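Presented below is the structure to which this report refers.
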Amino acid sequence: MDHIYYTYYQSPVGLLKIGGTDNYIAEISFIDNQEQVTHGEPGISEVMHQCTEELIEFFNGKRREFDIPVHQEGTVFQQKVWGELVNIPFGKTISYLDMAKQLGDPKVIRAAASTNGKNKIAIIVPCHRVIGSDKTLIGYGGGLWRKKWLLQHEFRIKHGVQTLF
């Protein structure tokens, strides 16, 4: 197992914890209180530096896709779900039901939603782009206010429109 270093980036949606190795990003999570700050080995690899730069470009409206390598442990099914998330285009949303259908079985909707919630690489693996079948904002580990902010940000960049929700 590769050694994971941690660094932090103050983004428009709050403090982000970035965990990575010399080869890939393993975590991007939202920090809401000091207890969530990792007091492990700080450090920043070239990949982590690139990740921070790409996040800055994303928040500045200059990046729609991330080039940085990511990796998170999971089952074959979880890897498929996370792969589907990466394929959702910038500024678009899909429902959990649509995702289940893309996975080949509408009955896996709960498992797909659960896996979506286990995503450890926020923003780059864009679980915020999955919404309810009735077009409502549901289920986001970073809080619904962040999900709304991220979707409005992408929609505004893509369409030049101020609000989506």
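Where a number appears in this text, it was derived from the coordinates with a stated rule and is not lab data. The structure presented is a predicted model; accordingly, all values stated were derived computationally and were not measured. As a convention, Cβ positions derive from the backbone with ideal geometry for all residues, glycine included, and neighbour counts pool all protein chains shown.
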Next item on the list: Please list, or write none, the aspartates and glutamates whose alpha carbon is within less than 16 Å of the alpha carbon of LYS118, excluding same-chain residues fewer than 8 places away.
Entry: GLU27, GLU73, GLU84
Note to self: Testing the spin-label approximation: label points 7 Å from Cα along Cα→Cβ at ASP2 and GLU57. State their distance in nm.
What the structure shows: 1.9 nm
Next item on the list: Scan around SER11 for amide H atoms under 5 Å from its own, H built in the peptide plane at 1.01 Å from N, and keep only partners 5 or more places away or cross-chain.
Entry: LEU16
Item checked: As computed over the stretch 76-159, the Cα convex hull volume per residue (Å³) -> 83 Å³
Item checked: the chain - share of DSSP beta bridges that are antiparallel (%, nearest 5) -> 70 percent
Next item on the list: Could you work out the local net charge near VAL130, counting Lys and Arg as +1, Asp and Glu as -1, over the other residues with Cβ closer than 12 Å to its Cβ?
Entry: +2
Checklist line | Nearest-ten-degree value, helix 144-159 long axis tilted from longest Cα axis of the chain | finding: 80 degrees
Next item on the list: May I ask for the net charge around VAL108, where only other residues with Cβ less than 10 Å from the Cβ of VAL108 are counted and Lys, Arg are +1 while Asp, Glu are -1?
Entry: +3
Notebook entry, point to check: Where in the stretch 45-133 are there trypsin sites (Lys or Arg not before Pro) that are in a DSSP coil and have at most 10 other Cβ atoms within 10 angstrom of their Cβ?
Noted result: LYS62
Item checked: Cα→Cβ-extended label distance, 7 Å offset, between LYS158 and GLN72, nm -> 2.0 nm
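Can you show me the helix-derived [θ] at 222 nm for the chain, built from DSSP H runs with n ≥ 4 at -39,500 (n - 2.57) apiece and divided by the number of residues, rounded to the nearest 500.
Estimated from H runs of four or more residues: -10500 deg cm²/dmol.
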Notebook entry, point to check: Using only Cα atoms, what Kirkwood radius does the chain have, in angstroms?
Noted result: 16.4 Å
Next item on the list: Run the quick spin-label model on THR136 and ASN87: label points 7 Å from Cα toward the beta carbon, then report their separation in nm to one decimal.
Entry: 2.9 nm
Checklist line | ILE25 long-range amide H proximity, modeled H, under 5 Å | finding: VAL70, HIS71
